[in-house]
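Reading through the structure tokens given below for one structure.
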Amino acid sequence: MKMKRILAVLIVFVMVFSVTACGSSNSTGTEDATKESTTKESATQDSTADTSTVKDTGITLEFQQWWAVECPEGYVQNICDNFYKETGIKVELLSAPFADTKTQIVSGSTTGTVADLVSVDGSWVYDFATQGILTDMSALLAADGYDQSNINSQWQIDDTTYCLPVVNYAYPMFANMDILNDCGITELPKTWSEFQADCEIIKAKGYYPFALNLDTTSPSGIQNTYMGFAWASGIGIKDDTGAYKIAGNEGLKTFAEFMKGLNDAGYLYPGMSSLTEADMTSKFSSGELAFVINSMATLQSYRKDAPDMNIAAAAVPVKDDYADKSGMCYASWAVGITENSEHKAEAMKFLEYLFNADVNADLAVTQSAFPGSASAEPDYGDADQVFLDVYIMYQNGYPINDFICMKDANTFMTDYINELIPYMDGDVDVDSYLQNVQDAIDEIYK
Amino acid sequence: MKKAKTKGPFVKFITPYLFLSPTVILMLVLLVIPIFLVIQYSFFNNAIVVKEPVFVGFSNYVTILTDSIFWSAIKNTAIFVIASVIAHITIGMCFALLLNTKYFKTKTKYIFRIIYVLPWMFTASVIAILWKLMLQPQGIINYLFQFVNLATKDSEWLSSRTYALAAITFVNIWSGYPFYMISILAGLQGVSEDLYESSALDGAGAWKRFIYITIPQVKPILISIGMLDIVWTIQSFAVIWMLTGGGPVRTTETISIYIYKYAFNSSQYSLASTAAVIALIVCIILAIFYVKQQRKARE
């Protein structure tokens, strides 16, 4: 009997202990998971923020974005906390990877639960604006009396501002200098002819010279790599009036023939129609590719994955007779305010805070990006030399992206790729290819 | 002794419905309402993204049924489904027969059962990553094929307009055959040994035993899993999307990819719903056949 009692006490003790242990381990796990996924962070959780003297307005803004996933842990939360200290307005972060953000915004808008502020990619703006998801920001800016000269650019549809790019990312050409040195190439190519000549040497040495990512799961390769190459030579898909001019566009025709020449000669990495941006990044890191056009943000990946690789920033080669300024493809972290928001004025305040010279400059430095605020003076003193070289190229040229604010941009990019591949394979001639792309854009804007 | 309380007529009437209500509510919320909404969307100009969508009757159906890309997607789906189901049955049957043979020891059979069932254990994302790495130009498939002069180091599979559909079909076959194998094996183990012994006495060879005993005995299972596989393969999305995204140039665009692109690339939810309703009708017809076959098997 005594033995039974002792056993019972022991069992109870073990059960209580295990429940407590499970409980504590569970909560730790949850905390870790929350930290890692950063799906939802409270505005007041940061212990570093002194909120004792803040007069709480009782207003909480929701901010749907992918920034917190890509920035150093806690960085974006810190911006929100500092904003709260200044204004008493809380900002709750709703974070998701870039790939999921568009779906979340659309689904949120249909159920009326979309966040007050949303981070938007250039290719979504038109659709979000016409679907009534984004509010007219021009009116908010005017009502606030904000000095708009501090904003480097505004994304507009029919002269109405819907988004403000907070920081910009350039898409330069990266060169693997180890491959170039192995091939005896001492100077980076400046023109198409020099590039072709270098490609021939690189190919002969057993490397792949260049990659074109034409996967349609995320069809941005046509924008960043293909058109990124063309824009450097002043070749675009619009004419001087801003109308889409693809069929009969002599610049595009010459460029298409140049690209096909590279493909026919075997200078492009095989399997381009299923090659994603991530694949291209990993091929460059693994030392298979000599040149790649990719976001400035990928430099961090290259440094991490291939710390010993000798990387240089190269200006995208231009057409042999081109002597003007080079356009450089860019993408942005832009923010819009939703029509659904009950606190549009407060949301505008937060957006203006992101354009504060110090906040904007620090974000730009942290993310190896360029500021969206005219007053921001980022201190790139400790920055990577490659980044500094790109910054000079960016300042000497001009940022361009014809796909920003384009109607149904994703569909058009997919159509463009679907017409380019048969041309590259030699199934259609260049004029038919350009005509088909023109038909695709005309169909979208009819 | 207390007399048991008799229930009132209302309580008697309502009791079975109360027992059913959790299931009915779940089915309503998770099945009936979403299906009804999708059907409703298909009759409006552009649901979800338009605040006040306008009723357009069968206009979306006309748009979809006259779209050449839709018919190309139907053709791709048909090739993908027919090839997958036939290969699943054939490979599943071969492996099931191997695992059911009396010539191997039980331990050997267990080991091979584990090996053969492995592809079924992987999630869609793992399957896609695995095969994408193996099928890329610098992957192991090209490396191995070079030994028999079937490929070069630059041969393309997933990015070739000629081979991409065959490549994704192969991956689908590889990932799906274990289900057949396990189901057929269960059927084979239920076939009476007496049938084989008496047929052997009558002088029937291995082939005749397979055709006249094995096949008729497992036929109900084959038809059932065949029906289910057709429906599942029509709905295949994740592996195709992660391997090719429907490309290159729509050569692997099946009906599920077509619907997804309309909904999430172009925000044309009504057209996506219309295509989904058409796919739903096909699946319902197959489901009716499946239920009829099940009833026949029971009888």
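Below is a table of values for the structure above.
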| quantity | calculated |
| --- | --- |
| Scan of the stretch A:237-291 for residues that are within 13 Å of another protein chain (Cβ to nearest Cβ), hydrophobic (A, V, I, L, M, F, W, C), farther than 28 Å from B:E253 by Cβ and out of contact with any Lys or Arg (no Cβ under 7 Å at 6 or more places or on another chain), ordered by number | A:A265 |
| The stretch A:64-90 residues that are more than 22 Å from A:S109 (Cβ to Cβ) and of a type in the set (G, A, S), paired with ones that are surrounded by 15 or more Cβ atoms within 10 Å (Cβ to Cβ) and at pLDDT below 90 (beta carbon under 6 Å, 6 or more apart) | A:G88/A:V54 |
| Residue that is farthest from the other protein chains (Cβ to nearest Cβ) [pool: residues in the stretch B:243-261 that are hydroxyl-bearing (S, T, Y) and crowded, with 24+ Cβ neighbours inside 10 Å] | B:T254 |
| Condition check for B:Y103: surrounded by fewer than 17 Cβ atoms within 10 Å (Cβ to Cβ), assigned to a helix (DSSP H, G or I) and either within 14 Å of chain A (Cβ to nearest Cβ) or modelled with pLDDT under 90 (or both) | no |
| B:I14 without any contact (Cβ under 8 Å) to a residue 60 or more places away in the chain and either surrounded by fewer than 12 Cβ atoms within 10 Å (Cβ to Cβ) or basic (K, R) (or both) | no |
| Qualifying position, being surrounded by fewer than 23 Cβ atoms within 10 Å (Cβ to Cβ) and at pLDDT 90 or above, among A:D382, A:D362 | A:D362 |
| Single match in B:A200, B:A186 (criterion: in the same structural domain as B:L99 (by TED's automatic domain parsing) and modelled with pLDDT under 90) | B:A200 |
| The stretch A:53-78, residues that are of a type outside the set (A, V, I, L, M) and closer than 19 Å to A:V114 by Cβ | A:T60, A:E62, A:F63, A:Q64, A:Q65, A:W66, A:W67 |
| The lone exception for B:A128 - which of (1) part of a loop (DSSP other than H, G, I, E, B); (2) of a type outside the set (K, R); (3) over 28 Å from A:Y423 (Cβ atoms) it fails | (1) |
| The one condition in (1) more than 11 Å from A:G336 (Cβ to Cβ); (2) more than 14 Å from chain B (Cβ to nearest Cβ) that A:S109 fails to fulfil | (2) |
| Among (1) of a type in the set (G, A, S); (2) more than 30 Å from B:T252 (Cβ to Cβ); (3) in a helix (DSSP H, G or I) - the single one B:G226 does not satisfy | (2) |
| Those helices (runs of 4 or more DSSP H) lying entirely in the stretch B:156-219 with at least 3 residues polar (S, T, N, Q) and under 27 Å from the mean Cα position of the chain (by Cα) | B:164-189 |
| Some residue of the stretch B:282-289 being closer than 30 Å to A:K102 by Cα, small (G, A, S) and out of contact with any Leu (no Cβ under 7 Å at 6 or more places or on another chain) | no |
| Among (1) among the small types (G, A, S); (2) at positive phi; (3) within 14 Å of chain A (Cβ to nearest Cβ), the one test that B:G57 misses | (3) |
| Residues located in the stretch A:180-191, provided they are under 29 Å from A:Y398 (Cα atoms) and in contact (Cβ under 8 Å) with a residue 60 or more places away in the chain | A:L180, A:L188, A:P189, A:K190, A:T191 |
| Count of the stretch A:388-402 residues which are touching a residue at least 60 places away in the same chain (Cβ under 8 Å) and loosely packed, with under 15 Cβ neighbours inside 10 Å | 2 |
| Qualifying residue in the stretch B:264-278 (condition: in contact with a strand residue (DSSP E or B) (Cβ under 7 Å, 6 or more places away or on another chain), more than 22 Å from A:Y416 (Cβ to Cβ) and either buried (at least 20 other Cβ atoms within 10 Å of the Cβ) or among the small types (G, A, S) (or both)) | yes |
| In the stretch B:229-240, the residues that are free of Cβ contacts under 8 Å to residues at least 60 places away in the same chain, assigned to a helix (DSSP H, G or I) and within 20 Å of B:S125 (Cα to Cα) | B:W232 |
| Any chance A:F63 is more than 17 Å from A:D362 (Cβ to Cβ) and of a type outside the set (D, E, K, R) | yes |
| Residue match in the stretch A:282-293 (condition: free of Cβ contacts under 8 Å to residues at least 12 places away in the same chain and part of a helix (DSSP H, G or I)) | no |
| Yes/no for A:D408 being of a type outside the set (A, V, I, L, M, F, W, C), within 14 Å of chain B (Cβ to nearest Cβ) and crowded, with 19+ Cβ neighbours inside 10 Å | yes |
| The stretch B:218-242, subset within 13 Å of another protein chain (Cβ to nearest Cβ) and not aliphatic (A, V, I, L, M), residue farthest from B:G190 (Cα to Cα) | B:W241 |
| Test: residue in the stretch A:151-159 that is in contact (Cβ under 8 Å) with a residue 40 or more places away in the chain, more than 19 Å from A:N224 (Cβ to Cβ), under 21 Å from the mean Cα position of the chain (by Cα) and within 14 Å of another protein chain (Cβ to nearest Cβ) | no |
| Any chance A:M173 is away from chain B (no Cβ under 14 Å) and more than 23 Å from the chain's Cα centre (by Cα) | no |
| B:A164 modelled with pLDDT under 90 and of a type in the set (A, V, I, L, M) | no |
| Single condition A:D321 does not satisfy, out of (1) surrounded by 19 or more Cβ atoms within 10 Å (Cβ to Cβ); (2) closer than 21 Å to A:I235 by Cα | (1) |
| Selection within the stretch B:262-271 - touching a residue at least 24 places away in the same chain (Cβ under 8 Å) and either farther than 18 Å from A:D415 by Cα or in a helix (DSSP H, G or I) (or both) | B:Y269, B:S270, B:L271 |
| Residue in the stretch A:129-145 that is over 18 Å from A:S341 (Cβ atoms) and free of Cβ contacts under 8 Å to residues at least 12 places away in the same chain present | yes |
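The values are calculated or read from the model by the stated rules, or taken from the named source; none is laboratory data. Owing to the predicted nature of the structure, the values given are computational and were not obtained by experimental measurement. In this analysis, Cβ positions are derived from the backbone assuming ideal geometry, glycine residues included, and neighbour counts consider all displayed protein chains.
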